[in-house]
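Input: a single structure, listed below in C-alpha cells.
Quick note: the coordinates plus some simple rules give every number you see, no bench work behind them. If you're wondering where the values come from, they're calculated on a predicted model, not measured in any experiment. With ideal geometry, Cβ positions are generated from the backbone for all residues, glycine too; neighbour counts draw on all protein chains shown.
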Amino acid sequence: MVTEHNGMPANATVILSESGIAMGVRRVAHQIAEWAGKNSAAPLQIISVLNGARPFTKDLRRELDSLGIPTQLHEIKVATTHGASVTGQARLESGELSPETLRNSTVLVVDDIVDTGATIEFIKEMLKELRPAEVRVAAVINKYAQYSHLSDFMVHNLDIGSAPTYSQNGKLIDHWLFGYGMDLDGKYRDLPNIAWVEVER
C-alpha cells in the first residue's frame, strides 16, 4: 500500500509546479507560433498522444488560439508502458490519421514525456507514409539527455545523464514521473504539478 501525503505518494518529489507548467506552456506556445505562423492560413495539425498529453494539448491549443494560430486536433493512443515499467516498444492502440488531412500540412506531435524515444520514433515512422510538409514535436518533459534531440519544443528538460544509479539493494533506480496527464499505476493524472518517485528495476 502506497502512503500518501497531500494527495501523492509520501516519497514523491515535485519537480515542476503548477505555475512553472503554465509559464512553460506559454513559452512553448510562442515558440510554436513563431514556427507555424508562416502557414497560419491553414490549421496546424496537432497529433496528441493519449492519455498523457491531453492536459498539455488542451492548454497549448488555448494559448495558440490566443496567438491567432488555428489548430486541428487528432488523437491517437500509443502504448510503450505497462504499470510503472517502460517496455521500449511502441504500438498503436487506438485512433487513426487521415492521409487527406495531413498530406502537405504542418504537423505538431504533442506528447507528455520523451522517455525512451520509442513513441516519437514510432509516430514519425507512421507519418512518413502520409507525407506532411513538416513535422515537429512538443513535449512537457524530456527525461534523458540522449533523447533531447527528439523534442523541438519542451516545457522542461530534465536532461538526466546516462550514468546509472543503484539502490542499497544493488538494483537500478529509475525516476517515474507523474501528474499533469502522466500516471503512476493508473493514478495521479489529474495532479496540477509534476512529481517523481524512485522506482527499482
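For the residue pairs 128/187; 58/124; 128/171; 58/143, the alpha carbons lie more than 31 Å apart in 128/187; 128/171.
Can you give me the angle between helix 118-128 and the longest principal axis of the chain, using Cα atoms only, in degrees from 0 to 90, rounded to the nearest 10? The angle comes out at about 20 degrees.
Counting only alpha carbon atoms, the long axis of helix 54-66 and the longest principal axis of the chain meet at about 40°. Helices in the chain, meaning DSSP H runs of at least 4 residues, each add -39500 (n - 2.57). Divided by all residues, the mean residue ellipticity at 222 nm is -7000 deg cm²/dmol.
Note: relative contact order over the chain, using C-alpha pairs below 8 Å and six or more positions apart, is 22 percent.
The peptide list 92-98, 9-15, put in order of mean Cβ contacts within 10 Å with the highest first, becomes 9-15, 92-98. Normalised Debye scattering of the chain at q = 0.08, 0.09, 0.13, 0.14 Å⁻¹ gives log10 I(q)/I(0) of -0.27, -0.34, -0.70, -0.81, counting only Cα atoms as equal scatterers and leaving out solvent. Net charge of the neighbourhood of residue 59, taken over other residues with C-beta under 13 Å away and scored Lys/Arg +1, Asp/Glu -1, is +2. Segment 87-133 and segment 144-201 have Cα centres lying 22 Å from one another.
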